[in-house]
1. Name the single residue, out of those in the range 560-581 being touching a helix residue (DSSP H, G or I) at 6+ places or on another chain (Cβ under 7 Å) and not aliphatic (A, V, I, L, M), that is farthest from Ala608 (Cα to Cα).
2. Quick one: which residue in Arg418, Arg380 is under 25 Å from Arg261 (Cα atoms), not in a loop (DSSP other than H, G, I, E, B) and not polar (S, T, N, Q)?
3. Note down all Cβ pairs under 8 Å where the first residue falls in the range 18-29 and is touching a residue at least 24 places away in the same chain (Cβ under 8 Å), the second is hydroxyl-bearing (Ser, Thr, Tyr) and open to solvent by less than 30 Å² (accessible area, probe 1.4 Å), and they're at least six residues apart or on different chains.
4. Out of the residues in the range 717-754 that are among the polar types (S, T, N, Q) and part of a strand (DSSP E or B), which is farthest from Arg201 (Cα to Cα)?
5. Would you mind stating whether Leu197 is in a helix (DSSP H, G or I) and within 16 Å of Val119 (Cα to Cα)?
6. If Tyr792 satisfies every condition in (1) over 24 Å from Val107 (Cα atoms); (2) open to solvent by less than 20 Å² (accessible area, probe 1.4 Å) but one, which is the exception?
Amino acid sequence: MLTFIENMFRRLVAAIWRPPSPADSVVPLLKGVPASINFDGFTKGIDNIHIDVHLSPQFVSHAARLITSLMESHAARGRLSQKSPGPTSSDWDQFRTSYARMVETAVHHAKVAGSVALVQLVQFAAMKFLLQQVQVELDLLRQGLKGPTSSGGSATDSHKLELNERMSWFARNRARVRYKTNHQLFEQLFKVESGPLGDLRQSLLGDRWSVPLEVFFNPLLQAETILDDELMMTHYVLLGQDDAYSFPAIDSFLSYLFRRRTPTDQTEIALTQAEQAHGQLVCELDRFRKKRTRAIRRTTVAELEKREAELKSEINKANAELELIRVDYLKAHYAWADTPVNVDTLFDSVLYAEHVRTAQKEKDKEGVSRLKAQLKFQRRLLSVVEQRFFEAGLLTPVIAAYEMLPLHRDYSQIFNARQLHQFLCGNISRKEILLKLKEMRYVTDKALPVEQLNGAALQMARLSGGHRREYLVRFLKDFVTFRRDHNHYYLAHDAMNSVHLLEDPRSVRLSHTNNTLYEFLASNEEEAVAQTILNHVILKADVRGSTTMVAELRKRGLNPASHFSLNLFDPINVLLETYGASKVFVEGDAVILSLCEYQDQGHRLSVARACGLAKRLLSVIYAQNSLCKKGGLPELELGFGLVFSDEAPTFLYDGDTRIMISSAIGRADRLSSCSWLLRKQRSQRSDTYTNVEIYEIPEGDPLRGEKGEIHLRYNVNGIELDAAGFVKLRSEITLQKLELLLPGDDGPTTLYTGRYPDLKGTMQRLVIREGRIRLLNMQDPNFGKPTTDTFYEVVTNEALLNKVEEAIKTGGSGGG
């Protein structure tokens, strides 16, 4: 494509200037992070080779039904008169829901086990099941079409003709049906994985993606073959097979594309020396073999064989050293190809010219200078690449791969993609093309002009240098992306091949009996068996004002029982189901609830959910107070105490009623309390963002030591979490640390925020304030100076919650 003058000019420039390399990039290149999938820690299954996995029956059932429906819908296109409606919206909903529930349970178990590999295992197992099930349905579809045509007998000629046409359609479109079905399934998985499941993993495991996005949703996994023409043209670029334009050949070509003829850095020098040493030994062996015939007259055969063996050994050793040095060289000089975005950084001058204009508008002088330097570097580097692609005979097939795309849309019934590509490359003559068109006209009575093909070839020959370089940059981006996905394809298949999906009940039972089964069930599929309690949380709500409320209701002739039932206790019962809590004690002025964790339970979020439950209970009271205020009734006030106990409670029974015994109940009672002295003083302040404060009673004060207490608490519509509960919370979810300055504070306030799922799968945000206990002094504006001792409050103040949201969005956070 390049003219003779252009070619000579580039050679002259290359001889004078030191050739650039990716390492010279002004803008730093991104380093690829290798995807890591390691199932070595899992117990081998009943065959002592694979990992036994049993997937949720709900997921398996919904997925199988959905795939059958999809296949029928796609196959209907090969029928002359039949149509299939395909899956309904309900089918898709059930598929997504069953998958989400199965993986949610795995995430909770992974949190308990401290192993993200559990989540990876269920994801690859589900992927393997879907791909296998699509293959099963394809086989059934093929057999269903083939059976009637080969059975002979009663089928009418018209019916046989229809079946033959359907078989012919299926043979031509099998790969497309497979890809489209797989693509639709993986699209739905992506919706689930990138939504609530991602939030759940971020909250519990600290990472949204347990399996990297580009590994799990790799287009190559969805196709029939890696180099499928349709797939390559849709997602990457068409490549050749077994020639210089094939994937292995181009990958090898790019590996050493920027290698300098005169080595400059240590890896280049080491590689050159190793190649020379290896080459010298090979030459010496060749010379030795040529002299062997003459030497045999003067030397014994044994001595000759010994020397030849020594040379072969030295060559093997040199070859091993050479391979190690090549690995080091490629790490240093081909690592840029591990990350597709590096192609933009290295070669996309159009993109960086836009970056320059943006920096100029922003009057960023330093940025403009840096980007212009990068732009200059890009043009030099791309010039070298273009020259070397031309010299290797690769520039023409690269351009042809993109110029043929419009032709393929029009001529796909006559020529396959590779034939069109070969024609534009000049490897198929115009005479052959005319013959093929003539043959097709006799078959279809449809004539397609050859002029469009000739015009495309002529246009390709007249492409400007700018267009050639645009195609070259596009090719590099597409090729490097394919290279990444190619590596991930084998990584994913290695992971799937290590999994043995068990469906036969006898095999499931055998593996389960031998403790080798990894079973991934939805939470509603897990058997309700007696479980051992590991620990528990007590939530005490001190309800204040209920006596005044009852008196006022009776004074008006209203029923206090129905009022509290409708406005307090019924809403509480609904919330218990959402957060997995149980009643310990409920009366008009006190509500005590518990959340227990069990040995075989995956959902170990008792403290997070207790905090969320307390917040919701508080909102119930706020809603009731709003109604009471409109009706002229007194309002209620709450104080919450939340205590974690790292042991199981004990129980006694009063008849059929189970009564919980736990020291955490007494501690929660203290945390929920409020000093009337502090309540009276603090109620005069309206600028506070907090609802809980703790004050240490000074030595010598008459109040110190009364009832064993050394602290006074202020807790008005607040939620205090004990220190053990906060430690447990940090083990449950990922907490982000923030520092914010609040009104009236002596210094920045430390806050922690994170998200957790309730039992309905809805992600909820928690904000915890780390407060300082103050040494009580009623003369101080803040009733005392802060000490080094801390306490924890679950934040409910809307203004403070909004500040936290703003800080998260702007990235104003520290470590956590």
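1. Pro560
2. The unique qualifying residue is Arg380.
3. Every condition considered, the pairs that remain are Ser25/Thr345; Val27/Thr345; Leu29/Thr339; Leu29/Thr345.
4. Residue satisfying both the conditions and the ranking: Thr749.
5. Values: in a helix (DSSP H, G or I): yes; within 16 Å of Val119 (Cα to Cα): yes.
Here the answer is yes, as Leu197 does meet what is asked.
6. Condition not satisfied by Tyr792: (2).
For (1) under 30 Å from Leu420 (Cβ atoms); (2) under 35 Å from the mean Cα position of the chain (by Cα); (3) surrounded by 19 or more Cβ atoms within 10 Å (Cβ to Cβ), each residue gets a yes or a no:
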site: Val341; (1), (2), (3): no, yes, no
site: Val385; (1), (2), (3): yes, yes, yes
site: Glu391; (1), (2), (3): yes, no, no
site: Val398; (1), (2), (3): yes, yes, yes
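Table: residues versus (1) touching a residue at least 24 places away in the same chain (Cβ under 8 Å); (2) out of contact with any Gly (no Cβ under 6 Å at 6 or more places or on another chain); (3) among the hydrophobic types (A, V, I, L, M, F, W, C); (4) open to solvent by 50 Å² or more (accessible area, probe 1.4 Å).
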residue: Asn182; (1), (2), (3), (4): yes, yes, no, no
residue: Val192; (1), (2), (3), (4): yes, yes, yes, no
residue: Arg201; (1), (2), (3), (4): yes, yes, no, no
residue: Leu204; (1), (2), (3), (4): yes, yes, yes, no
residue: Glu214; (1), (2), (3), (4): yes, yes, no, yes
residue: Ala223; (1), (2), (3), (4): yes, yes, yes, no
residue: Tyr236; (1), (2), (3), (4): yes, yes, no, no
residue: Asp243; (1), (2), (3), (4): no, yes, no, yes
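The values are calculated or read from the model by the stated rules, or taken from the named source; none is laboratory data. The structure presented is a predicted model; accordingly, all values stated were derived computationally and were not measured. For neighbour counting, all protein chains shown are included, and Cβ atoms are generated from backbone atoms with ideal geometry for every residue, glycine included. Each accessible area value is taken on the protein alone, full model and side chains, heavy atoms only, with ligands, DNA and RNA left out. Shrake-Rupley method; radii C 1.70, N 1.55, O 1.52, S 1.80 Å.
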